[in-house]
1. Give me the residue from the range 1-25 that is of a type in the set (Gly, Ala, Ser) and out of contact with any Asp or Glu (no Cβ under 7 Å at 6 or more places or on another chain) and, out of that set, most open to solvent (accessible area, probe 1.4 Å).
2. Taking the condition of being within 15 Å of ASN460 (Cα to Cα) and open to solvent by 10 Å² or more (accessible area, probe 1.4 Å), how many residues in the range 110-125 meet it?
3. Which pairs turn up if I take residues in the range 475-498 that are under 14 Å from SER3 (Cα atoms) and touching a residue at least 24 places away in the same chain (Cβ under 8 Å) and look for partners that are of a type outside the set (S, T, N, Q) and open to solvent by 30 Å² or more (accessible area, probe 1.4 Å) with beta carbon separation below 7 Å, at least 6 apart in sequence or on another chain?
4. Which residue out of ILE379, ILE405 is open to solvent by 10 Å² or more (accessible area, probe 1.4 Å), in a helix (DSSP H, G or I), over 28 Å from THR218 (Cβ atoms) and without any contact (Cβ under 8 Å) to a residue 12 or more places away in the chain?
5. Would you tally the residues in the range 199-223 being part of a helix (DSSP H, G or I), without any contact (Cβ under 8 Å) to a residue 40 or more places away in the chain and open to solvent by 10 Å² or more (accessible area, probe 1.4 Å)?
6. State whether the residues of the range 386-393 include one that is at pLDDT below 95, open to solvent by 90 Å² or more (accessible area, probe 1.4 Å) and of a type in the set (A, V, I, L, M).
7. Right, LEU445: free of Cβ contacts under 8 Å to residues at least 60 places away in the same chain and either touching a strand residue (DSSP E or B) at 6+ places or on another chain (Cβ under 7 Å) or more than 27 Å from MET374 (Cβ to Cβ) (or both) or not?
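The values are calculated or read from the model by the stated rules, or taken from the named source; none is laboratory data. Keep in mind that this is a model prediction, so the values were computed, not measured. As a convention, Cβ positions derive from the backbone with ideal geometry for all residues, glycine included, and neighbour counts pool all protein chains shown. For accessibility, only protein heavy atoms count, side chains too; no ligands or nucleic acids. Shrake-Rupley method; radii C 1.70, N 1.55, O 1.52, S 1.80 Å.
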Amino acid sequence: MYSINYKIVFHTLGLILIFNGAFMLIPTLTSWYYGEAETLGIASAAITTLFVGFLIMFVTRFHDKSIQQKEGYLIVTFSWIFMVISGMLPYIFTKSIPQITDAFFETMSGYTTTGSSILSDIEVLPKGILLWRSLTHWIGGMGIIVLAVAIFPLFGIGGMQLFSAEAPGPSADKLKPRIADTAKRLWLIYLGYTIVEAILLNIAGMTLFDAVNHALSTLSTGGFSTKNESLAYWNDQPMIQYIIILFMFLAGTNFVVSYYGFKLNFKKVLANEEFKVFTIFVSVFTILATLLIYFQADVSLSSVHHPEVLGAFESAFRHAIFQVLAIITTTGFVSADYTMWVPFLTVMFFGLFFLGGSAGSTSGGVKVVRHLIMIKNGILEFKRILHPNAVLPVRYAKRAVNSQIVYNILGFFILYMLSFIIGAVVLGALGLNLETAIGGAASSLGNVGPAFGKLGPVDNYSALPSAAKWWCSFLMLIGRLELFTVLIILTPFFWRDR
């Protein structure tokens with residue numbers, strides 16, 4: 001008979017709260033530096049979170065340290081929930097977002113790196129709260145790297161086994177023998193990219209505060225900005241947008257590819273099949289969008305700021321690659337209202353909601369590797385029909401993919417589409433029109449941010465009914481944690497002793 005080891009689950013959650021509370025000290029110091037009245041509120045949130053975390057760890061200090069699959073699922077799911085509950089305290093204590101529903105939505109959007117917001121005027125918020133808002137992205141993005149490295153492969157999350165086969169985890173080809181060492185190196189890359197981007201943005205013309213916030217949002221593929229107009233605020237400063245474009249691409253790429261790049265092992269970089277396909281997708285969609293914008297759309301009508309300093313074609317290209325990357329990597333930054341361009345582009349961008357970046361990146365969505373495996377398996381089905389006795393395995397990176405992984409990926413995609421359909425139906429039942437319900441469900445589940453209809457790139461989620469905000473928060477959570485991780489604990493058989 002096996003029963004769930006709840007003590008190790010809560011002990012770990014206590015550690016998560018301490019980790020979260022320690023991060024709150026950063027915006028506390030920032031708020032104090034700027035002399036803001038909200039300093040005490042943020043400090044109170046940090047102290048409360050730290051106290052509860054230490055209390056939980058103290059109460060559960062005598063525990064069996066063994067973690068099996070059930071404990072793992074509970075720890076992963078409730079880690080995000082505990083982070084969100086504690087992470088909303090700075091908003092509530094400072095009365096920046098006094099309503100619990102709105103604070104929960106904003107915080108869930110932060111940690112899941114979705115970037116959807118209920119705030120109509122971001123620029124009136126104190127700097128300490130703005131920094132905390134961006135930090136929730138960065139913490140969530142860092143957390144998803146750890147999950148991808150150390151936990152998802154052990155749970156059999158389809159597609160992540162392929163990531164672990166590339167480098168980390170229990171496989172023959174590792175970055176380092178121990179998972180902790182691998183995670184440490186990926187963290188350093190994540191931190192290093194963030195620092196470099198912040199410096200470059202500051203040099204390019206952003207204030208240091210804005211540069212740090214946007215670097216935190218970019219590397220986590222989150223999308224929170226310090227400006228109401230998002231990156232459209234800097235439409236007259238192309239270099240700033242090009243820096244964001246570069247780092248969105250890096251953030252949407254498997255961080256192991258970056259590791260090989262830093263080790264000058266370009267052979268492994270070029271041999272990474274997902275990286276090549278991801279680059280091709282971005283290039284093709286960018287070229288298509290550039291041509292359509294240049295010949296058929298008036299970018300100035302859909303931009304918040306009109307000046308275009310380097311010519312019409314450069315402007316079309318910059319907006320195209322910016323929005324393609326923002327959606328594919330699920331970052332969600334906005335340089336223009338793309339729904340006002342060309343109807344075909346609106347449909348194309350909606351399709352990109354379901355693409356996602358690379359496995360082992362901070363981006364959300366289905367992930368390129370899963371699409372690649374499904375396409376390859378679909379093509380092989382034609383051959384299997386013609387040659388029913390032939391053994392035709394799906395090959396990825398010149399290796400045969402275990403059939404169980406293929407089935408898992410197909411199951412994931414079916415579940416993803418069902419979740420999207422049910423998500424849209426529920427939002428429709430809550431009073432949203434068709435375009436808004438479909439866009440909101442796809443964006444929340446894919447952790448994209450801006451959607452369509454009344455949730456478009458120049459709108460926000462503040463007008464949603466309270467029930468719709470809670471529902472979108474749930475979709476963000478299951479989308480961020482790869483569906484199975486959350487949904488399995490909602491099944492009756494999960495709770496049965498075996």
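1. Residues of the range 1-25 that are of a type in the set (Gly, Ala, Ser), as a first pass: 3, 14, 21-22.
This time we only want the ones that are out of contact with any Asp or Glu (no Cβ under 7 Å at 6 or more places or on another chain), so: 14, 21-22.
Numbers: GLY14: 0, GLY21: 0, ALA22: 49 Å².
Looking at residues that are of a type in the set (Gly, Ala, Ser) and out of contact with any Asp or Glu (no Cβ under 7 Å at 6 or more places or on another chain), I get ALA22.
2. If we filter the range 110-125 for residues that are within 15 Å of ASN460 (Cα to Cα), which is where we start, we get 110, 114-123.
Remaining after also requiring open to solvent by 10 Å² or more (accessible area, probe 1.4 Å): 115, 117-123.
The number of residues fulfilling the criteria is 8.
3. What qualifies is PHE494/ILE488; ASP497/MET1; ASP497/TYR2; ARG498/TYR2.
4. Numbers: ILE405 fails: without any contact (Cβ under 8 Å) to a residue 12 or more places away in the chain.
After ruling out the rest, the residue left standing is ILE379.
5. 6
6. Going through the range 386-393, the residues at pLDDT below 95 turn out to be 386-393.
If we keep only those that are open to solvent by 90 Å² or more (accessible area, probe 1.4 Å) too, we end up with 386-389, 391.
From what's left, of a type in the set (A, V, I, L, M): 386, 391.
Scanning the range 386-393, I find at least one residue that is at pLDDT below 95, open to solvent by 90 Å² or more (accessible area, probe 1.4 Å) and of a type in the set (A, V, I, L, M), so the answer is yes.
7. Working: free of Cβ contacts under 8 Å to residues at least 60 places away in the same chain: yes; either touching a strand residue (DSSP E or B) at 6+ places or on another chain (Cβ under 7 Å) or more than 27 Å from MET374 (Cβ to Cβ) (or both): no.
Criteria not met by LEU445.
For every residue, the table says whether it meets (1) out of contact with any strand residue (DSSP E or B) (no Cβ under 9 Å at 6 or more places or on another chain); (2) without any contact (Cβ under 8 Å) to a residue 60 or more places away in the chain.
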| position | (1), (2) |
| --- | --- |
| GLY252 | yes, no |
| TYR259 | yes, no |
| LYS263 | yes, yes |
| LEU270 | yes, yes |
| GLU274 | no, no |
| ILE280 | yes, yes |
| SER283 | yes, yes |
